[in-house]
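Worksheet for the structure shown next.
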Amino acid sequence: MPMHAPIARAGRRRVKLVATAALVTLAASIAAATAGARTTAGSLVVNAATPPNSLDTVQICSLDDISLVAPLYATLVKHGRKPGREDQSKFVPYLAKSWTITNGAKTYTFDLVPGAKFPNGDPQDAAAVKYTFERALKSGACGSYFATAGQGASLIKSITTPSPTRVVVQLSRPEALFLHSMTTPDMGIVNPKVVEANGGQEEGKPNPWMAKNSAGGGPFVLKSYDPGRQIVFEANKTFFGKPPKVDQITVNFITSDPTLLLQARQGKADITFGLTKKSVASLKGNPAVEIVSSPSAAWQLISFPNKVAPFDNPKLREALSYAVPYQEILKNVAYGYGTLYFGPYSPAMPAFNPAIAKPRVFNLAKAKQLLAASGVQTPITLDLLIRDGINDQEQIATIVQNIWKQLGVEVNIKKLAAAEYTAQLPLETKTFSLIRFDGPGVEDPAWLLDYDLRAKSAFNTSNYANATAEKLLDKAHVTADDAARQKLWDQIARIWIKDTPRIPLYQDNYTVVLKKGVKGYIYGKVDWNMQDWSK
């Protein structure tokens, strides 16, 4: 969650700000934004290690997949910016030129940019926004999660369209995370006519056509798509906002890390995503490239199948957590582009408390003691799933496979293609472990825990269940005071650490390699802001 820098505490405190603000607008008008002309013609070449499992907004879950689809769609609002990265403490208009929050923060009224159109000329209007909500809710996939800010369908009481440029969303209760969810490309506005002409949206089923095509009206259109190999974006000449700075962006998917590195060195790629940290480190001092490293509220983790014996035994999970060479992994896999910690929140999350979340250290003797105390009889076997194209995961899997064998745990490493790997995430009962790059699309502890802690969440990749922790989360949702909320986050962290439902290996520094002269890249959690790239 589907997977970046410290931000101001925003979650519940923001509810007080937005609920009292009668009208939210930008000082700069939409007209001023659209007046900007494309400053750089031409094209960019992007190489990425991981192809998406789908292009359908309601089906994508991983952070990189969501970011890749972002340029094809417009959302109602976006997060703001600060130097080098997005600012999740602020909201700015996008398709919605302004909005009001009334009725005790339960009624959101969005006024849309007049005259906005999809590439085929159809109106990108209130009806399209309503259809997008309804489609997301029917999907039963990640789109439904984002449509309801992770709170379930009961949060959305009604969606009405008083005029072609006005949408009113009535919530059943106040929810500070709702506006955040409207920034995510999973809620990108789709053209109802295009979707309906190509299979529509069946309840709980993916749309095969949408997986390989676009129905959006964002800054780019989909020129071509060869799944697993290449996607080509072309500037949308009918886009209502500021036009892209280049005419075309070609994204090549290259799962071979040596090939990615070679092409970055040779200047064949303007931007490179997904290099192993070892390869990134080898480019230090190279005058032809720039390395951009952004601390992120995302992490590499090893999940456990908490419902399945013997991994339902917390002592066994704790034992294995001490049989991980964290410093070695940080040095030889992450190459220092990360931070060690232990707990549910990484150091970049607002709820992080360093006094509680001290990193665990490799201690094989202690691991053996804990294993003996668990009463689990070895040998045991464990399937460990990794995603093809995430090169760091294979290194980590091999390291733990060799060490855990000394404890009598036989690890079977299984590398899965993107679509197959993603299909395992929402399974009701996991019988396997995952190495996963994960992190919340919204950097708020409630957003994270609503999918990662709740026992009934389809996106709880460890099947972790603790009723006491869930009650504390419920209490945090209705607590406005920051200090009081932090005490609740700390209580949850202590419970989580004792239970060890998974192993956080390190907080990741998101690294991107730019060819010298490339401009406009900023780090965004689920939006790379491709329309601003140029050279």
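The values are calculated or read from the model by the stated rules, or taken from the named source; none is laboratory data. These numbers come from a predicted model, not from an experiment. Cβ sites come from the backbone with ideal geometry, for glycine too, and all protein chains shown count toward neighbours.
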Do you know which of the residues in the stretch 220-251 that are farther than 12 Å from L72 by Cβ and charged (D, E, K, R) is surrounded by the most Cβ atoms within 10 Å (Cβ to Cβ)?
K245
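I need the strands (runs of 3 or more DSSP E) fully contained in the stretch 1-113, keeping only those with at least 2 residues that are within 27 Å of V232 (Cβ to Cβ) and either at pLDDT 95 or above or out of contact with any Ser or Thr (no Cβ under 9 Å at 6 or more places or on another chain) (or both).
Answer list for the stretch 1-113: 43-48, 77-82.
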For a quick check of your reading of the model, give me the residue pairs whose first member lies in the stretch 409-432 and is more than 21 Å from Y451 (Cβ to Cβ), whose second is assigned to a helix (DSSP H, G or I), with beta-carbon atoms closer than 6 Å and at least 6 apart or on different chains.
V411/Q401; V411/W404; I413/A397
A323 is checked against (1) in contact with a strand residue (DSSP E or B) (Cβ under 8 Å, 6 or more places away or on another chain); (2) assigned by TED's automatic domain parsing to the domain that holds R436; (3) closer than 21 Å to Y506 by Cα and fails just one. What number does that condition carry?
(1)
Would you confirm whether or not the stretch 128-140 contains a residue that is surrounded by fewer than 21 Cβ atoms within 10 Å (Cβ to Cβ) and among the polar types (S, T, N, Q)?
no
Just to check your reading of the model, which residue among L514, L488, L473 is surrounded by fewer than 22 Cβ atoms within 10 Å (Cβ to Cβ), hydrophobic (A, V, I, L, M, F, W, C) and in contact with a strand residue (DSSP E or B) (Cβ under 9 Å, 6 or more places away or on another chain)?
L514
Looking across the stretch 448-457 at residues that are hydrophobic (A, V, I, L, M, F, W, C) and buried (at least 21 other Cβ atoms within 10 Å of the Cβ), the single one that is nearest to the chain's Cα centre (by Cα) is L448
Residue set G216, G200; condition assigned by TED's automatic domain parsing to the domain that holds S54 and under 18 Å from M530 (Cβ atoms); output residue G216
Taking the conditions exactly as written (over 14 Å from I396 (Cβ atoms), surrounded by 16 or more Cβ atoms within 10 Å (Cβ to Cβ), of a type in the set (G, A, S) and modelled with pLDDT under 95), does A348 satisfy them or not?
yes
Considering only the stretch 405-445, state which residues are buried (at least 22 other Cβ atoms within 10 Å of the Cβ) and either over 23 Å from A49 (Cβ atoms) or outside the structural domain of D474 (by TED's automatic domain parsing) (or both).
V409, K430, V442, E443, D444, P445
Hey, S144 surrounded by fewer than 22 Cβ atoms within 10 Å (Cβ to Cβ) and farther than 26 Å from P219 by Cα or not:
no
Return yes when V324 is among the β-branched types (V, I, T) and buried (at least 17 other Cβ atoms within 10 Å of the Cβ) and no when it is not.
yes
Report, by residue number, each residue of the stretch 504-535 that is among the hydrophobic types (A, V, I, L, M, F, W, C), assigned to a strand (DSSP E or B) and under 21 Å from the mean Cα position of the chain (by Cα).
L505, V512, V513
